[in-house]
Amino acid sequence: MAAQIIDGKAVAAEVRAGVAREVEAFRSETGQTPGLATVLVGDDPASHVYVGNKIRACEEVGIRSIHHHLGEGTPQDELIDLVRELGEDDSVDGILVQMPVPEHHRPRRGWSPRSPRRRTSTASPQRTRACWPRGGQGSCPVRRRA
């Protein structure tokens, strides 16, 4: 098979346009706008760029972006409380806690206050099965709200 050169920017634009159509269809059907919460702890420059790109991507496709920037010295309990609050907020469909976090926030066994149905930066078994049954290809639907 011969190599094929693709136009990555054109493909990305097609994907974004498709997502925007799906978001609009969801909004028309439910009257609600999907929301992604991002949490950034500290001032890692690369993390600022990454989260900024997520916020811009949300704006491009019509997803509501909710951003929380916590200071380097924020206690771990405050971070966990914030993520729990976001997990209980019905207007939040996904939560991205940007890594790396400061050393005193390093995840430990059992450190996962997020609801598996709202995890976005890591794959949970529940989410993976819902998106790609039996390991096949597919798209992950926006979570329907009650």
If you go through segment 51-75 one residue at a time, how many are among the hydroxyl-bearing types (Ser, Thr, Tyr) and modelled with pLDDT of 95 or more?
1
Considering segment 8-24 alone, what residues qualify as being of a type in the set (D, E, K, R) and surrounded by 15 or more Cβ atoms within 10 Å (Cβ to Cβ)?
Glu22
Which one of these is touching a helix residue (DSSP H, G or I) at 6+ places or on another chain (Cβ under 7 Å), among the acidic types (Asp, Glu) and in a helix (DSSP H, G or I): Glu60, Glu14?
Glu60
Just checking, which of Pro100, Pro113 is within 12 Å of Leu40 (Cβ to Cβ), assigned to a loop (DSSP other than H, G, I, E, B) and modelled with pLDDT under 90?
Pro100
Checking Ala10 against (1) under 24 Å from Gly87 (Cα atoms); (2) over 17 Å from the mean Cα position of the chain (by Cα), which single condition isn't satisfied?
(1)
Within segment 25-69, considering residues that are in contact (Cβ under 8 Å) with a residue 60 or more places away in the chain and of a type outside the set (Phe, Trp, Tyr), the one surrounded by the fewest Cβ atoms within 10 Å (Cβ to Cβ)
Thr30
So Val83, is it buried (at least 18 other Cβ atoms within 10 Å of the Cβ) and either more than 17 Å from the chain's Cα centre (by Cα) or not in a strand (DSSP E or B) (or both):
yes
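The values are calculated or read from the model by the stated rules, or taken from the named source; none is laboratory data. These figures come from a predicted structure and were not determined experimentally. All Cβ positions, even for glycine, are placed from backbone atoms using ideal geometry, and neighbour counts span all protein chains on display.
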